[in-house]
Amino acid sequence: MLTWLGRQTLCAITEIGDFSLFTGKSFCCAAKTKGLAKRVARAVHEQGTICLPVILIVGVFTGLVLGLQGYHVLSRFGSQGLLGTLVSLSLVREMAPVLAALMLIGQAGSAFAAELGIQRNTEQIVALETMGVDSLGYLVTPRLLAALVVFPIQTALFVILGICGGGLSGSLLLGVDSGVYWSAVHRAVEAGDLSECFIKSAIFGLLAMSTCAYQGFHADRNSSAIGARAVSACTTRAVVLSSILVLVADYVISSFFV
């Protein structure tokens with residue numbers, strides 16, 4: 001039992017080291033990659049524009065649910081006027097960065113891991129390296145740089161839609177005065193809350209996309225399966241691990257701001 005535990009611990013430490021080196025090398029490649037701006041713009045489109053409908057739908061309905069549930073909780077204490085405070089702070093400090101990151105992982109991250117996994121199994125990555133092209137700089141670096149831009153923007157959009165959804169639920173369906181709601185939102189949200197929101201979203205984006213890239217890039221090494229099953233396994237592992245990392249990072253970051 002102790003031998004197995006020690007072996008698994010060493011494997012985990014090795015994996016963390018490989019992942020850190022992989023991420024660091026990917027960013028270092030930005031200085032020597034040609035045509036980087038064009039590929040970053042394409043990555044921003046893939047991660048941002050294509051994922052926009054998901055963010056719109058989830059953001060609105062998250063706000064609607066928060067407004068509905070928050071009203072019934074606050075009504076027990078006669079504090080319905082604080083609905084705007086509850087909805088805005090819940091979204092800005094916690095729910096918007098986490099849910100937006102999970103949605104982007106499910107759509108953009110999984111597609112990225114599958115794409116790299118297919119390129120690894122069909123030896124396209126080996127072909128790039130044979131031609132002298134830096135595979136990390138060509139395939140991974142643009143996605144990581146795009147994530148640092150897309151995740152905060154999508155999170156900000158999620159916050160706006162969620163607050164509007166909470167106001168819609170509270171004002172039109174539950175009878176809360178709209179002026180009271182928006183006044184509470186204005187008083188509640190401070191610069192520190194927004195800073196925490198954007199810091200979280202940027203870190204979540206880096207962790208999520210680098211994890212998906214690492215799993216897809218090493219699809220042949222990290223799975224006992226081959227072919228289509230290896231791609232499926234690396235994609236599943238990428239989504240699960242990146243989602244766990246987002247939740248762990250959320251707790252760590254929140255502990256510094258609370």
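Take residue 77 and residue 49, extend 7 Å from each Cα along the Cα→Cβ direction, and tell me the distance between the two endpoints in nm.
Result: 4.6 nm between the two label points.
Would any residue of the stretch 89-121 have its amide N under 17 Å from a label point 7 Å out along Cα→Cβ of residue 160? List them or say none.
Under 17 Å, as judged by backbone N against the label point of residue 160, lie 91-92, 96-97, 100 of the stretch 89-121.
At 20 °C and 1.002 mPa s, grab the translational diffusion coefficient of the stretch 100-185 from Stokes-Einstein with a Kirkwood Rh over Cα pairs, rounded to a whole number in µm² per second.
132 µm²/s
Give me the net charge for the shell around residue 91: Cβ to Cβ below 13 angstrom, other residues only, Lys and Arg +1, Asp and Glu -1.
-1
Taking every pair of distinct Cα atoms and averaging 1/r, then inverting, what Kirkwood hydrodynamic radius in Å comes out for the stretch 174-258?
15.7 Å
Roughly how tilted is helix 2-28, in degrees to the nearest 10 and between 0 and 90, from the longest Cα axis of the chain?
90 degrees
Along the principal axes of its C-alpha atoms, what lengths does the stretch 40-257 span, in descending order and rounded to whole Å?
Principal axes ranked by extent give 68, 31, 30 Å for the Cα atoms.
Could you work out the Rg to Rh ratio of the stretch 1-139, with Rh taken as the Kirkwood radius (inverse of the mean 1/r over all Cα pairs)?
Dividing the radius of gyration by the Kirkwood radius yields 1.15.
Enter the angle in degrees (range 0 to 90, nearest 10) between the Cα long axis of helix 178-188 and the first principal axis of the Cα atoms of the chain, meaning the one along which they spread out most.
Taking Cα atoms only, the helix is inclined about 50 degrees.
Report, in degrees rounded to the nearest 10, the 0 to 90 angle that the Cα long axis of helix 191-217 makes with the longest principal axis of the chain.
30 degrees
As a check on your grasp of the helix formula, calculate [θ] at 222 nm for the chain: sum -39500 (n - 2.57) over DSSP H runs of n ≥ 4, divide by the residue count, round to the nearest 500.
After summing the helix terms and dividing by residue count, I get -25000 deg cm²/dmol.
When the chain is fully extended, how far beyond the present Cα-Cα distance does residue 124 get from residue 193, taking 0.36 nm per residue of separation?
So the extension gain works out to 20.4 nm.
Between residue 228 and residue 173, what is the label-point separation in nm under the 7 Å Cα-to-beta-carbon projection?
Result for the modelled spin labels: 4.2 nm.
With the crude spin-label approximation of a point 7 Å out along Cα→Cβ, what separation in nm comes out for residue 14 versus residue 221?
1.0 nm
Among 211, 235, 49, which one shows the highest mean-square fluctuation when the chain is modelled as a Gaussian network with alpha-carbon springs under 10 Å?
Of 211, 235, 49, the most mobile in the Gaussian network model is 49.
Where a number appears in this text, it was derived from the coordinates with a stated rule and is not lab data. Computed from a predicted model, the values in this text were never measured in an experiment. FYI the Cβ positions are ideal-geometry reconstructions off the backbone, even for glycines, and counts take in every protein chain you see.
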